[in-house]
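Before any comments, here is the structure.
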Amino acid sequence: LPHLRYLLRLVLFPGPKAPKRLYPAHLHIAVDPKAQGKGLGKALLADFLECLKQKGVKGVQLSTTRANTAARRLYQSQGFRLYAKRASPFWAPYHGHPVIHEVWVKEL
């Protein structure tokens, strides 16, 4: 049931997206909070980007929130740039209030 609510919220509150013709790959990674700060996210991201490059993919996009400062620092350090942002009620049940939804992109 919690997953159904999450999927319904995705339909009701779609976030901004970058053009698929420029950024056809979409990244979603998560590292358990107990394992964060050990370079796992950076390693996952580096391997994912290398795989995309080898396959000839020209760009990648990802979504996060302004509240996820550690992830935003990681993405910026790996050459991603902020493409779009917008306040969204999507994350309100998880944060207790609306947050800024962001889309980050990287050309490969």
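Derivation of every value follows stated rules applied to the coordinates shown; laboratory data play no part. Values in this document were obtained by computation on a predicted structure and should not be read as measured data. With ideal geometry, Cβ positions are generated from the backbone for all residues, glycine too; neighbour counts draw on all protein chains shown.
For this structure, a couple of remarks:
- Overall dimensions of the chain as given by Cα atoms, namely Rg and Dmax in Å: 14.4, 41
- Rounded tilt (10° steps) of 2-12 against the dominant C-alpha axis of the chain: 80
- Using C-alpha pairs under 8 Å with a sequence gap of at least 6, the mean separation divided by the residue count of the stretch 15-108 gives a relative contact order of 37 percent.
- Per-residue ellipticity at 222 nm, computed for the chain from helices alone with -39500 (n - 2.57) per DSSP H run of at least four residues, works out to -10500 deg cm²/dmol.
- Comparing LEU82, PRO93, ALA67 along the charge dipole axis of the chain, the residue lying farthest to the positive side is LEU82, per the Cβ-charge model.
- Seen against the Cα atoms of the chain and their longest principal axis, helix 40-54 is set at about 60 degrees.
- The stretch between GLU50 and LEU82 holds 9.5 nm of extra length on full extension. This uses 0.36 nm per residue minus the Cα-Cα distance.
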